[in-house]
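Here the structure comes first, spelled out in structure tokens, and everything after it is commentary.
The values are calculated or read from the model by the stated rules, or taken from the named source; none is laboratory data. Everything numeric here is computed off the predicted structure, so don't read it as measured data. In this analysis, Cβ positions are derived from the backbone assuming ideal geometry, glycine residues included, and neighbour counts consider all displayed protein chains. Calculation scope for accessible area: heavy atoms of the full protein, side chains included, ligands and nucleic acids excluded. Shrake-Rupley method; radii C 1.70, N 1.55, O 1.52, S 1.80 Å.
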Amino acid sequence: MIKFLDLQKINLQYQQEIEKKLLEVYRSGWYLLGSEVKNFEKNLAGYIGSPHTIGVANGLDALRLIFKACLELGQLKVGDEVIVPANTYIASVLAITDNRLKPVFAEPQIENYNIDISKIEALITPKTKAIMVVHLYGRVCWSQELEDLAKVYGLKIIEDNAQAIGAEWKGKKTGNLGDAAGFSFYPGKNLGALGDGGAVTCKDDLLAKTIRILANYGSEEKYANKYQGLNSRLDEIQAAILDVKLKYIDADNDKRRNIAEKYIAEIKNPQIILPELSTDPKENVWHLFVIRTAKREKLREYMEKNEIQTLIHYPVPPHKQRAYRYFNQLTFPVTEKIHQEVLSLPISPVMEDSEVKKVIEILNSYS
Ligand SMILES: *Cc1c(COP(=O)(O)O)cnc(C)c1O
């Protein structure tokens, strides 16, 4: 069986280094808000190029905290509108609604699955205060037009960078393009912890400070609570593991790129629509390799029969979920088409050449 993602194999690559750190933290007796988190924050900030990095409990909290801090600072108020792609993982939208802000969904471009920047301006109202871009499947969603638009209308740009750590746009890393960004270190992400983890990067000093306070019960000083905060901290153990793995993220992302390029060059089947290569390979870290096909279930079963595991990211868009039943009447044809047709192929830094070859051969003989 070719697994969709072999997490055991991924983490065994760095077994000695990780086990050494685990033991160190275990023996240190210090498990939260300590030197491991500080060190990882510093290294991640250096890697991304961002002035501030705050470790938090997970990717959803990273995004929630950004909006929450903007509300506390009076930069946003309840009911303000945030433009967000209609095709994203639900966490992007939850971060908005959890803060009693209003998501305004924008259609993606079918060619690259990212928000169609040319459709944003028409959605802007006097209540629009921010745009959340999602670098979906690891591909950068950014352009000069987007920056200009945000400037003209005075909008903040928040990046959901859960899937794209290491991607670059014109020499600048995602997570350092907008005002603030949320990262996820969920085990299956390109930089994965052995459990939950997340981080916020941002440019503004006061925003960073507020997020740090909010993530620790709204408290800067023990037992003095400035805000109604959350408990959202990155564990020392997870930070130590992430710090080991951060050193290898570029090499890991390059391995993903090689596989993606091979798939794109060698999968030749009219039933399969391949993802687009970006002109600059650095604009994609291939968190997922997502194809489209009209008869998805048929292809999925065929792959399963040939011992290749595939997944669907994602089968139902946020606006069609029961959780958002008050949005269920909305229709986004491009988004809905994507959700009906997408299928994710195995891709990871530990995939063998022979496995990549087999995926290609099996797909090429599908009819
Ligand atoms: C994984 C993910 C998140 C949430 O991250 P968690 O760490 O699971 O909370 C947010 N947005 C996107 C696009 C994701 O893929």
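Of the residues 61, 98, which single one is within 16 Å of the ligand (Cβ to nearest atom) and surrounded by fewer than 20 Cβ atoms within 10 Å (Cβ to Cβ)?
On inspection, the qualifying residue turns out to be 98.
Looking only at region 24-45, decide whether some residue is within 16 Å of the ligand (Cβ to nearest atom) and open to solvent by 20 Å² or more (accessible area, probe 1.4 Å).
Among the residues of region 24-45, not one is within 16 Å of the ligand (Cβ to nearest atom) and open to solvent by 20 Å² or more (accessible area, probe 1.4 Å), which makes the answer no.
Being closer than 25 Å to residue 249 by Cα and in a helix (DSSP H, G or I) is the filter; apply it to region 263-280 and report the residue that is least open to solvent (accessible area, probe 1.4 Å).
Looking at the filtered set, the residue picked out is 263.
Name the single residue that is nearest to residue 268 (Cα to Cα) among those in region 281-316 being among the hydroxyl-bearing types (Ser, Thr, Tyr) and open to solvent by less than 30 Å² (accessible area, probe 1.4 Å).
So the residue we want is 293.
Within region 241-257, does at least one residue satisfy the condition of being free of Cβ contacts under 8 Å to residues at least 60 places away in the same chain and over 28 Å from residue 187 (Cβ atoms)?
No: region 241-257 contains no residue that is free of Cβ contacts under 8 Å to residues at least 60 places away in the same chain and over 28 Å from residue 187 (Cβ atoms).
For region 1-106, give me every one of the helices (runs of 4 or more DSSP H) that falls completely inside it and has 1 or more residues that are over 30 Å from residue 127 (Cα atoms).
Because the criterion is at least 1 residues that are over 30 Å from residue 127 (Cα atoms), the helices (runs of 4 or more DSSP H) in region 1-106 that meet it are 7-12, 15-28, 35-48.
For region 317-338, name all the residues that are open to solvent by less than 10 Å² (accessible area, probe 1.4 Å) and either modelled with pLDDT under 95 or not β-branched (Val, Ile, Thr) (or both).
The answer is 317, 318, 319, 324.
Those residues that are away from the ligand (no atom under 16 Å from the Cβ), among the charged types (D, E, K, R) and open to solvent by less than 50 Å² (accessible area, probe 1.4 Å), I need them from region 64-95; list them, please.
Those that are away from the ligand (no atom under 16 Å from the Cβ), among the charged types (D, E, K, R) and open to solvent by less than 50 Å² (accessible area, probe 1.4 Å): 80, 81.
Would you check if residue 194 is buried (at least 20 other Cβ atoms within 10 Å of the Cβ) and of a type in the set (A, V, I, L, M)?
The answer is no for residue 194.
Looking at (1) in contact (Cβ under 8 Å) with a residue 60 or more places away in the chain; (2) within 20 Å of residue 67 (Cβ to Cβ); (3) aliphatic (A, V, I, L, M), which is the one condition that is false for residue 167?
Of the numbered conditions (1) in contact (Cβ under 8 Å) with a residue 60 or more places away in the chain; (2) within 20 Å of residue 67 (Cβ to Cβ); (3) aliphatic (A, V, I, L, M), the odd one out for residue 167 is (2).
How about region 4-27: which of its residues are touching a residue at least 60 places away in the same chain (Cβ under 8 Å) and farther than 30 Å from residue 359 by Cα?
Selection gives 17, 18, 21, 22, 24, 25, 26.
Considering only region 106-120, how many residues are crowded, with 18+ Cβ neighbours inside 10 Å, touching a helix residue (DSSP H, G or I) at 6+ places or on another chain (Cβ under 7 Å) and not acidic (Asp, Glu)?
Number satisfying all stated conditions: 6.
Kindly provide the set of residues from region 102-112 that are modelled with pLDDT of 95 or more and within 16 Å of the ligand (Cβ to nearest atom), ordered by number.
Once the filter is applied, which keeps residues that are modelled with pLDDT of 95 or more and within 16 Å of the ligand (Cβ to nearest atom), region 102-112 yields 103, 105, 106, 108.
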